[in-house]
């Protein structure tokens, strides 16, 4: 038996797919082991085809393991008692395309034997939470991909689950939706819920996960707390207000002195992430009440989530505010700082900055180039600096190794 | 305005599943009443004379057995439905809603209304009787075929497409057992299809009633009026009625004669060892014996006895017979004589009960046609108080000997009930077909992927329709087949076992088709309803559903089967 605070335990999981003749065609998982503790956000990472989805499907009882075992709340995944406490948002929205949002939530609510009034209350709260108030009567088949993802998220929360399993939760979502899901994940964790997140979008994972497991070829390559795994012990990062060129040169000299001539040194000014700017533009549009047929901005976590636990109820108000803060903070400041007419020019520049510096492939190349003795200073970037904010740089631009 | 209509439509749509459930329950309520009445009747018969009841049951155990099986199966099913109601109804309701959103029901009803409305205008021989028969049988066949296809495709597609489009990945992670999921789907298909079936059958009944109006004689030529009146009377007496059929008793001594012939064959080493051929040989011998014993030579007479008729002062009994003449004339001269047992005081104080002629049925001027069923009527008052009737055929032909068909012999049909209960029972038998098809669809859907599953069930459906004809290939042609070599015999046994077994598992839609009897004004008996319900819904349908549940519960749902 796993300890009481272990929600999910995966032991030596191996899954082999065989073809018609019984020959091994794919080994999707190979001895995968990890466990998820109560109240943590656990990320399952890996490139396409690394076995993330297979692992999730075995955890949910949709596939049976070839070897190994899964224990959810100390029981088998196919147990009905377990299923009452689990919410699952699949990779794509596999929902009934002829039903509308209300009917879908009503159907899933019935499967949890929720009484009629309660079903209606939860459905309303969830539809509002995922921002589909205006599309609630439309068949899901007519939804855009992102809207379908939102209703997929809503159905996974109808039973106020203790364990939420999200398979690629942010694919297909617009930045607002992505932001909302991340905030929701954080506020659900704060309510004491456990979340298993499966993704290859590293930015999402890094922001919300407590611990991660990285899969490759069905095998576990890394497992541990995110901040421990991501600390680059051989690199030092310095953040400072804007420096004059002269000061910069002196700092570079000091660095060269202490590291020797061949160490890679890079100086640039941080760009505001495009995500922040995008959220700001959409927020303005919504403040002007422009009509949209699509998804609207959702509200934070629906009130019934967290169940009947009194302390959770008490904390909820606070949490809702906490969840809203990251949304508001980056938008308020730059609006004040930048004159309106400069917006277009700024956007162009921001886009350039967001795309130009170090996409992951380039980072790898630079890491390779680092072996060369040349010091690489990107003066062009320096010269272009127009804005300085105290925004942290996008996390995934750091080399991970 | 438009959005108000849309809102209203949505409001209505949300309540349609419950409405269909209500229609379903209400339309089955009379069946429950009928079943209770039947059990009460059997109980009374048992109480009246336990020995007689035992004897009758031993002679024909099917009504009692089928009733028991139907009650048992339905009880078990109802109990399981009741215990799992919330889950089952959630799945069934979703299925119905989906079908409504896909406008399946709407298209179905439009098809039915358009086609049925055109039926009264089809060309018939002109009499109101044939018109009503045509409208009734065609509209019910239409409803049956449409709903069978809908039941097949709804059940197959709902399983296969949910697996293929991965909706089960979500549904299966909810606290719903997989067998509940399948049961819910079956129940949804059955509720939807049977509610629509009863609505269609109700429409068809309304059409029949509208057509079967008494002729407006005041506006007609007196000759036409007389014909129309006769036509109407024959409609009411021969179609819109439930008549019970009583077949003449087999003359005694046949079984013994067959036994003797079998012994002879065994002594000669000609009696086959294959059970199928044996029964066939015995039946052939019995038929030959019966035909020989009841053949009426020129100037001869054959008396047929009927038991279990309903005596009465009013009304008519319909007598039907089928016979073959020994000449090629196509007809035989002769007359039917109604006989009655009358008590005669004989000498020494003993009573005798000789048969005394009381009426004669005058033959048609051309004589009785042979090789087709002929029908005539006699007044019901000739049936004796204990329900017996004696009919004699006297052969007045100069040359031809008349041989009665051993299957039909002579039948007497009596009005037993009104038309509506009969119609209702026939529709219930059709419902059994649909319930079985839905179960088969779910089984195939859990075994195979979409096109294969759909083809499988459509194939089963077609074999079920022509199954009787198909099964006739399996019947050996009596005695001449005994000369097979051992290898041939073994191959035949294997083939017959395989195909015969398959046919036994498959539904026999032809065998249980009540529409022929219904349009002939014959009684669709409770026994046949109970038999269809027990065999098609409880046994075969239950088996198919269990196989489906077993396979589905053990399937890796996330694995794509190509």
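The values are calculated or read from the model by the stated rules, or taken from the named source; none is laboratory data. Keep in mind the model is a prediction, meaning the values are calculated, not measured. Neighbour counts run over all protein chains shown; Cβ positions are idealised from the backbone, glycine included.
From (1) within 27 Å of the chain's Cα centre (by Cα); (2) surrounded by fewer than 24 Cβ atoms within 10 Å (Cβ to Cβ); (3) at the interface with chain B (Cβ under 7 Å from one of its Cβ atoms), pick out the condition that doesn't hold for residue A:88.
(2)
Within the stretch A:121-133, identify whether any single residue is within 27 Å of residue A:49 (Cβ to Cβ) and in contact with a helix residue (DSSP H, G or I) (Cβ under 7 Å, 6 or more places away or on another chain), and answer yes or no.
Within the stretch A:121-133, none of the residues are within 27 Å of residue A:49 (Cβ to Cβ) and in contact with a helix residue (DSSP H, G or I) (Cβ under 7 Å, 6 or more places away or on another chain).
Count, please, the residues in the stretch A:202-218 that happen to be outside any helix (DSSP H, G or I) and crowded, with 16+ Cβ neighbours inside 10 Å.
8
Of the numbered conditions (1) part of a helix (DSSP H, G or I); (2) modelled with pLDDT under 80; (3) surrounded by fewer than 18 Cβ atoms within 10 Å (Cβ to Cβ); (4) touching a helix residue (DSSP H, G or I) at 6+ places or on another chain (Cβ under 8 Å), residue B:527 fails exactly one; give the number of that condition.
(2)
Looking only at residues in the stretch B:503-515 that are assigned to a helix (DSSP H, G or I) and in contact (Cβ under 8 Å) with a residue 24 or more places away in the chain, which one is nearest to residue B:375 (Cα to Cα)?
Of everything passing the filter in the stretch B:503-515, B:515 is nearest to residue B:375 (Cα to Cα).
Looking for whichever is under 20 Å from residue A:140 (Cβ atoms) and either at pLDDT 95 or above or in contact with a helix residue (DSSP H, G or I) (Cβ under 7 Å, 6 or more places away or on another chain) (or both) here; the options are B:190, B:170. Which one fits?
Of the residues listed, the single one that is under 20 Å from residue A:140 (Cβ atoms) and either at pLDDT 95 or above or in contact with a helix residue (DSSP H, G or I) (Cβ under 7 Å, 6 or more places away or on another chain) (or both) is B:170.
Can you tell me how many residues in the stretch B:541-562 are more than 14 Å from chain A (Cβ to nearest Cβ) and either modelled with pLDDT under 90 or under 12 Å from the mean Cα position of the chain (by Cα) (or both)?
0
Identify, by number, the condition in (1) outside any loop (DSSP other than H, G, I, E, B); (2) over 25 Å from residue B:252 (Cβ atoms) that residue B:303 doesn't meet.
(2)
Can you list the helices (runs of 4 or more DSSP H) lying wholly within the stretch B:1-109 that have 3 or more residues being away from chain A (no Cβ under 14 Å), over 21 Å from residue B:539 (Cα atoms) and modelled with pLDDT of 90 or more?
In the stretch B:1-109, B:2-48 are the helices (runs of 4 or more DSSP H) which contain 3 or more residues that are away from chain A (no Cβ under 14 Å), over 21 Å from residue B:539 (Cα atoms) and modelled with pLDDT of 90 or more.
Quick check on residue A:112: is it within 9 Å of chain B (Cβ to nearest Cβ) and farther than 22 Å from residue A:197 by Cα?
Yes; evaluated as a whole, the condition is true for this residue.
Do any strands (runs of 3 or more DSSP E) entirely within the stretch B:325-381 hold 1 or more residues that are touching a helix residue (DSSP H, G or I) at 6+ places or on another chain (Cβ under 6 Å), and if so, which?
Hits in the stretch B:325-381: B:334-341.
Got a sec? Which of A:52, A:27 is within 14 Å of chain B (Cβ to nearest Cβ) and touching a strand residue (DSSP E or B) at 6+ places or on another chain (Cβ under 8 Å)?
None of the others qualify; the one that does is A:52.
Per-residue answers, yes or no, for (1) over 27 Å from the mean Cα position of the chain (by Cα); (2) more than 23 Å from residue B:531 (Cβ to Cβ); (3) modelled with pLDDT of 85 or more; (4) not assigned by TED's automatic domain parsing to the domain that holds residue B:539:
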| residue | (1), (2), (3), (4) |
| --- | --- |
| B:434 | no, no, yes, no |
| B:438 | no, no, yes, no |
| B:441 | no, no, yes, no |
| B:450 | yes, yes, yes, no |
| B:453 | yes, yes, yes, no |
| B:479 | yes, yes, no, yes |
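If you take the residues of the stretch B:208-228 that are under 24 Å from residue B:422 (Cα atoms) and over 27 Å from the mean Cα position of the chain (by Cα), which of them is surrounded by the most Cβ atoms within 10 Å (Cβ to Cβ)?
Looking at residues that are under 24 Å from residue B:422 (Cα atoms) and over 27 Å from the mean Cα position of the chain (by Cα), I get B:214.
Please work out which one of (1) surrounded by fewer than 17 Cβ atoms within 10 Å (Cβ to Cβ); (2) more than 9 Å from chain B (Cβ to nearest Cβ); (3) in contact with a strand residue (DSSP E or B) (Cβ under 6 Å, 6 or more places away or on another chain) is the condition residue A:161 fails and give its number.
(1)
Each row is one residue, and each column tells you yes or no for (1) farther than 30 Å from residue B:136 by Cβ; (2) touching a residue at least 24 places away in the same chain (Cβ under 8 Å); (3) within 14 Å of another protein chain (Cβ to nearest Cβ).
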| residue | (1), (2), (3) |
| --- | --- |
| B:159 | yes, yes, yes |
| B:180 | yes, yes, yes |
| B:194 | no, yes, no |
| B:205 | no, yes, no |
| B:210 | no, no, no |
| B:213 | no, no, no |
| B:216 | no, no, no |
| B:228 | no, yes, no |
| B:233 | no, no, no |
